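**Q** One structure is given below, represented as structure tokens, and several questions about it will come after.
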Amino acid sequence: MSISFDHTIIVAKNSAASAEFFCTLFALPEAPSWGPFVNVQLTDGTLVQFAEPPFDDIQFQHYAFRVSDDLFDAAYARLVDQGVEHWADPRMTEPGTVNTDHGGRGVYFRDPTGHFFEMLTHSYLPTPGEPVP
């Protein structure tokens, strides 16, 4: 038996702007969209759907995305070029830097709605079947 993550909905103040930010940052093509969703498809097939809620109170969430070293370099350069405030840590005490936790690199930043995104190159846990360091 297997399990994998298929999709999530990220509530956005402006779904088109949030999806564009995401696509630009991670160099992803547009995906077909329908209904209230502006869709972005990750390279593994996972669907990220941005949608504007019928209410004004948006609870900010945390979303973490594991990327390759090459994509991290390119996306981090885009964050810096666009002047996006970012931190090495989730408590936002190390501004303008990246961390080297868990054998990789990571950075935290906010999307246009205010969600707290994390981009990392190495998972916190080993892939099933790999030895624990």
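**Q** Pulled fully out, how much extra length does the chain show between residue 70 and residue 47, if you take 0.36 nm times their separation in residues and subtract their Cα-Cα distance?
**A** 6.1 nm
**Q** Can you list the HN-Hα couplings for segment 114-119, worked out from phi with the Karplus curve (6.51, -1.76, 1.60; θ = phi - 60°), rounded to whole Hz and with x for Gly and Pro?
**A** Ordered by residue, 3J(HN,Hα) equals x, 5, 9, 8, 10, 10 Hz.
**Q** Could you tell me what percent of the accessible area of the chain is made up of carbon and sulfur, with a 1.4 Å probe and every protein chain present?
**A** Carbon and sulfur: 55 percent of the exposed surface of the chain.
**Q** In the neighborhood of residue 5, defined by Cβ-to-Cβ distances under 14 Å, what is the net charge if each Lys or Arg adds +1 and each Asp or Glu adds -1?
**A** -1
**Q** Looking at the square roots a ≥ b ≥ c of the eigenvalues of the Cα gyration tensor of segment 11-51, which shape do they give, rounded for a/c under 1.5, prolate if a/b is larger than b/c, or oblate?
**A** Cα axes put segment 11-51 in the oblate bin.
**Q** When a/c reaches 1.5 or more, the comparison of a/b and b/c decides; with that in mind, is segment 28-87 rounded, prolate or oblate per its Cα gyration tensor?
**A** oblate
**Q** Using only helices, what value at 222 nm comes out for the chain when you add -39,500 (n - 2.57) per DSSP H run of length 4 or more and divide by the total residues, to the nearest 500 deg cm²/dmol?
**A** -6000 deg cm²/dmol
**Q** Give the long-range amide H neighbours of residue 66: residues separated by 5 or more places, or on another chain, with amide H under 5 Å away, using H modelled in the peptide plane at 1.01 Å from N.
**A** 120
**Q** Now, a different point. Springs between alpha-carbon pairs under 10 angstrom, Gaussian network model over the chain: which of 93, 121, 113 fluctuates most?
**A** 93
**Q** What nm value, rounded to one decimal, do you get for the distance between residue 55 and residue 100 when each label is placed 7 Å out toward the C-beta?
**A** So the two model labels end up 4.5 nm from each other.
**Q** For the chain, what is the accessible area per residue in Å², given a 1.4 Å probe and the full set of protein chains?
**A** Details: 8350 Å² over 133 residues.
Heavy-atom accessible area per residue stands at 63 Å².
**Q** If you average the sequence gap of Cα pairs under 8 Å that are 6 or more apart and divide by the length of the chain, what percent do you get for the contact order?
**A** It comes to 22 percent, rounded to a whole number.
**Q** Which shape class, rounded, prolate or oblate, goes with segment 1-108 when its Cα gyration tensor gives a ≥ b ≥ c as root eigenvalues, a/c under 1.5 marks rounded, and past that a/b bigger than b/c marks prolate?
**A** Cα axes put segment 1-108 in the prolate bin.
**Q** Check which residues have an amide H placed less than 5 Å from residue 117's amide H, if you skip close sequence neighbours.
**A** Under 5 Å from the amide H of residue 117 lie the amide H atoms of 63, 109, 110, 111, each far enough along the sequence or on another chain.
**Q** Which whole-Hz ³J(HN,Hα) couplings does segment 50-63 yield from phi under the Karplus relation 6.51 cos²θ - 1.76 cosθ + 1.60, θ = phi - 60°, glycine and proline marked x?
**A** Per-residue couplings from phi come out as 9, 8, 8, x, x, 9, 8, 7, 9, 8, 5, 10, 10, 10 Hz.
**Q** Gap in Å between the Cα centre of segment 25-42 and the Cα centre of segment 60-122?
**A** 20
**Q** Kindly provide the trypsin sites (Lys or Arg not before Pro) of segment 76-133 that DSSP labels as loop, not H, G, I, E or B, and whose Cβ sees at most 10 other Cβ atoms within 10 Å. Don't skip to the end; give the middle numbers.
**A** On the way: sites: 78, 91, 105, 110; in loops: 91, 105.
Within segment 76-133, the qualifying trypsin sites (Lys or Arg not before Pro) (loop, at most 10 other Cβ atoms within 10 Å) are 91.
**Q** DSSP loop chymotrypsin sites (Phe, Trp or Tyr not before Pro) in segment 34-133 with at most 12 other Cβ atoms within 10 Å of their Cβ, which ones? Kindly include the intermediate steps, with their values, before the conclusion.
**A** Numbers: sites: 34, 37, 50, 55, 60, 63, 65, 72, 76, 87, 108, 109, 116, 117, 124; in loops: 34, 55, 60, 124.
The qualifying sites are 34, 55, 60, 124.
**Q** Work out from phi, with θ = phi - 60° and the Karplus expression 6.51 cos²θ - 1.76 cosθ + 1.60, the ³J(HN,Hα) of each residue of segment 31-45, listed in order in whole Hz, and give x for Gly and Pro.
**A** 10, x, 10, 8, x, x, 9, 10, 9, 10, 10, 6, 5, 8, x
The values are calculated or read from the model by the stated rules, or taken from the named source; none is laboratory data. Computed from a prediction, not measured in an experiment: that's the story for all the values here. In this analysis, Cβ positions are derived from the backbone assuming ideal geometry, glycine residues included, and neighbour counts consider all displayed protein chains. The accessibility values were calculated without ligands, DNA or RNA, using every heavy atom of the protein model including side chains. Shrake-Rupley method; radii C 1.70, N 1.55, O 1.52, S 1.80 Å.
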